[in-house]
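In what follows, a structure is listed as structure tokens, so that the remarks can point back to it.
The values are calculated or read from the model by the stated rules, or taken from the named source; none is laboratory data. Quick caveat, the model's predicted, so the values are computed rather than measured. FYI the Cβ positions are ideal-geometry reconstructions off the backbone, even for glycines, and counts take in every protein chain you see. Protein only, heavy atoms only, side chains kept; ligands, DNA and RNA dropped before computing areas. Shrake-Rupley method; radii C 1.70, N 1.55, O 1.52, S 1.80 Å.
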Amino acid sequence: MSRRRKTIALVVAVALTSFATACSDDDASPSEDASPETSASLPDESPGSSVGDSLTVGVLLPLTGSGSEIGTVMNEAVEIARAETRVTGVHGKPVRLVVVDESTLDGVVPPSLDGIFSEEVDAIIGPASSLLAARLLPIAVGDGVLTCSPTASTLGLDGFPDTGPLFVRTIPSDSLQAKALAKMLDEAGTDVVLAFVDDAFGRPFMEKVSAELDALGVTTKATIGFDPQESDYDVGATVVARSGSATIGVIGDPEAGPRIVQAIADVIDTDTVGSIWMNDSMRVPETASVYRRLEPAILQLMRGVSPRSTVGASDRSGSTDELPDNGRFFAANAYDCMNIIALTADQADVIDGAAMADQIVQVTSGGTSCESFTECIDQRESGRSIDYDGPSGELDLGRNGDPSVGLFDVYRFDGRGLDMTDIRPPVRVDSRTG
């Protein structure tokens, strides 16, 4: 029997910002999950059946188009996590998934969740796109539906005015990425100049990096904005070069950001500039040939920080099933979303978004560490409070629904202009410390 959603009256103002990770525009038909579980302890339920108070989760990830490489891996990770819940179930009943291809929305969100999912859902995993998340959340939160995004990292969602929280994410916010970028700029040991795409994405990001540099005692000699609509960046690049800073920070998107780097590369003296540090959106440009045109001397200066998207087998204990594609493409983040939803639903008195949201902090911090649904349930049945950390370690979601700790890879480029993850350990930053 379908349950009526609780409607929560909220005034929601969300800044629509650029995409944080994969977003696809291709068309395809929505699909529903109906795959059998061969290792099940509880009976399967077909998508159209009535299961009383069972947990129903909508999965909204890009399964076709340009984002499908990431989306299909994340969807598989959700399936793995769902399979692990079948030993005990949630409140003794199977977890059901309703899977929809995010790409079919083409960036347009219907006025109600009924226009996305074929049936009522208690929680949502996704979307991958920050822009789509900003459009979806007023509807989902207004319906009291707990929503967990594995990849929507934009700063514009930091202050989302929900309750509980009803919006959580397992990727660190760009505010933590700004902290990581400032940390690497600080390690360069020189004055810094910041170049940035001057739009709703780049300016707030730059301001956050600048504030973090101030807190670290680093002098920012200049901040130079670049209009993404301008075709010629020569003037701004010359200002960067004349600043005399040996350390350059560039904050940009996949299109305008690499053009800023190209313009700076044309005018700087590689004998006086020690490093060029960039944010994650700069890692893979929209035009693959952009970085390939740069001189080797410039490529050697270029570094960046990017949220850790790969969790290798050595990072996980034996209690966690093997993640798809060797733990790449944010598989761990999607796996974490499914487990957080299942654990909060099982710990709440009823399967209800607000009741589940009330359990977020208790499930992810302060107890005995566990990495999977089964392990956490075993700990709880032994009388212990649980601290779900997942495959990648510390998670600790705060009352704002964001991870308190972020791990960021350092990336660089080879002589062909292709990005690669540096061998150094990930940069760890904590929102609770300076």
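Per-structure values
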item	result
Intensity falloff of the stretch 237-277 expressed as log10 I(q)/I(0), Debye formula with alpha-carbon point scatterers, at q = 0.21, 0.22, 0.23 Å⁻¹	-0.60, -0.65, -0.71
Anisotropy class of the stretch 350-434 from Cα gyration tensor, a/c 1.5 cut	prolate
Per-residue ³J(HN,Hα) for the stretch 190-197, Karplus 6.51 cos²θ - 1.76 cosθ + 1.60, θ = phi - 60°, Hz, x for Gly and Pro	9, 4, 10, 10, 10, 10, 8, 6
Amide H contacts of Gly417 (H built 1.01 Å from N, under 5 Å, at least 5 apart or other chain)	none
Accessible area per residue in Å² at 1.4 Å probe, computed on the stretch 339-417	34 Å²
Amide H contacts under 5 Å for Glu120, placed H, 5+ residues apart	none
Computed lengthening from Thr368 to Asn326, 0.36 nm per intervening residue step minus Cα-Cα distance	12.5 nm
Dimensions in Å of the stretch 208-311 - Rg and Dmax from alpha carbons	13.6, 42
Residues with amide H under 5 Å from that of Ile386, placed H, sequence gap 5 or more	Thr368
Vicinal HN-Hα couplings computed from phi for the stretch 208-215 (Karplus, 6.51 cos²θ - 1.76 cosθ + 1.60; Hz; Gly/Pro x)	5, 4, 4, 5, 5, 5, 4, 5
Ellipsoid equivalent to the stretch 109-160 - semi-axes via the Cα gyration tensor, in Å	18, 11, 10
Percent accessible area from carbon and sulfur atoms, the stretch 211-301, protein chains only, probe 1.4 Å	46 percent
Theoretical FRET efficiency, 1/(1+(r/R0)^6), r = Cβ-Cβ of Ser118 and Asp214, R0 45 Å, to 0.05	0.35
Rounded to whole Hz, the Karplus (6.51, -1.76, 1.60) HN-Hα couplings of the stretch 151-156, x for glycine and proline	9, 7, 9, 4, 4, x
Accessible-area composition of the stretch 387-434, carbon plus sulfur, in percent [1.4 Å probe]	51 percent
Pairs of Cα atoms farther than 24 Å apart, the stretch 281-434, %	44 percent
Two-site label geometry, Ala200 and Asp422: point separation in nm, points 7 Å out along Cα→Cβ	3.3 nm
Cα gyration tensor shape for the stretch 48-117, rounded if a/c is under 1.5, else prolate or oblate	oblate
Per residue accessible area in Å² of the stretch 192-325, where ligands, DNA and RNA are left out and the probe is 1.4 Å	43 Å²
Burial ranking of peptide ranges 370-380, 335-345 (average Cβ count within 10 Å, highest at the top)	335-345, 370-380
Normalised contact order of the stretch 121-254, rounded percent, pairs of Cα under 8 Å and 6 or more residues apart	22 percent
Cα centroid separation, the stretch 72-110 to the stretch 172-227 (Å)	37 Å
For the stretch 96-232, alpha-carbon Rg over 2.2 N^0.38 Å	1.29
